[in-house]
Protein chains: 2
Amino acid sequence: MTALQILGLTAGTITSITFLPQVIHIWKTKSAKDLSMNMLLLLILGVSMWLTYGILVADAAIIYTNSMVLAMSLIMLVFKLKFK
Amino acid sequence: MTALQILGLTAGTITSITFLPQVIHIWKTKSAKDLSMNMLLLLILGVSMWLTYGILVADAAIIYTNSMVLAMSLIMLVFKLKFK
């Protein structure tokens, strides 16, 4: 594996877990009022398109990363609606 | 331009503006307590690595998208420190 591949893999792994602390944060505080609903909707839209792109080009890294971010985004959306 | 390229370009454009509504939201409410600091740090780290990756593989779309997200992330970090 080249240094470039390791960099891409590490970047993808970090991106895939980026929103996990945010999900935990909202769950603990039961508050999501500072989260922008428009940000969440753009995130879900963008990530869904990346996921579609990844499936079409059959790129496992794009599919994996964006599946993870999409799952976290949907949880954040539910939390945003639940904890105003 | 193929449908696949249009999809990738649109996904990249949406990703690049995803955090703009969040920056505006915090600026208006002067509150960022519901934002997870660990999420912001992971976002900055991941995006910085993607930016480095984009520069190394000379991919303009990766460089552009991640520069935008990095700029927004740094503004959110400053806001997080300013508006506790």
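Taking a point 7 Å from the Cα of B:L45 along the Cα-to-Cβ direction, the residues of the stretch A:1-26 with backbone N closer than 13 Å to it are A:10-21. Once the Cα atoms are used to define both axes, helix B:20-29 deviates from the longest principal axis of chain B by about 10 degrees.
Per residue of B:15-25, other chain Cβ atoms within 10 Å of the residue Cβ number 6 on average.
Hey, what's chain B come to in accessible area per residue, 1.4 Å probe, Å²? It would help to have the intermediate numbers written out before the result.
Values: 4320 Å² over 84 residues.
Value returned for chain B: 51 Å² of accessible area per residue.
Starting from the label point of A:I17 at 7 Å along Cα→Cβ, the same points in the other copies fall at 3.3 nm, in ascending order. Which of the listed residues, A:V23, B:A3, A:Y64, is farthest toward the dipole's positive end in the protein assembly as shown, when Lys, Arg count +1 and Asp, Glu count -1 at the beta-carbon? Of the listed residues, the answer is A:V23.
For the chain pair B and A, the buried solvent-accessible surface (1.4 Å probe, both sides summed) amounts to about 3000 Å².
What ranking of B:I26, A:I44, A:I63 comes out by heavy-atom accessible area, probe 1.4 Å, highest first? Spell out each step's value before the answer.
Numbers: B:I26 0, A:I44 25, A:I63 55 Å².
Accessible-area ranking of B:I26, A:I44, A:I63, largest first: A:I63, A:I44, B:I26.
Which angle between 0 and 90 degrees, to the nearest 10, do you get for helix B:3-17 versus the longest principal axis of chain B when only C-alpha atoms count? Between helix and principal axis, roughly 20 degrees. Using the alpha-carbon atoms, what tilt in degrees (0 to 90, nearest 10) does helix A:60-82 show relative to the longest principal axis of chain A? Roughly 0 degrees, rounded to the nearest 10.
Averaged over the residues of peptide A:44-57, the number of Cβ atoms from other protein chains lying within 10 Å of each residue's Cβ is 4. With springs only between Cα atoms under 10 Å apart, run a GNM on chain A and tell me which of A:L45, A:L20, A:L56 wobbles the most. Looking only at A:L45, A:L20, A:L56, the biggest GNM fluctuation is shown by A:L56. Inter-copy label distances for B:Q5: 2.8 nm (label point placed 7 Å from Cα along Cα→Cβ; shortest first).
Every pair of different Cα atoms in chain B enters the Kirkwood calculation, which places the hydrodynamic radius at 13.6 Å. Computed from the Cβ-Cβ distance with R0 of 22 Å, the FRET efficiency linking B:K28 to A:K30 stands at 0.45. Placing a label point 7 Å from Cα along the Cα-to-Cβ direction at B:A58 gives distances to the equivalent points in the other copies of 2.8 nm, listed shortest first.
The values are calculated or read from the model by the stated rules, or taken from the named source; none is laboratory data. Given the structure is predicted, the values throughout are model-derived calculations rather than measurements. No Cβ is skipped: glycine too gets one built from the backbone with ideal geometry, and neighbour counts run over all protein chains shown. Quick note on the areas: whole protein, heavy atoms, side chains included, nothing else; ligands and nucleic acids left out. Shrake-Rupley method; radii C 1.70, N 1.55, O 1.52, S 1.80 Å.
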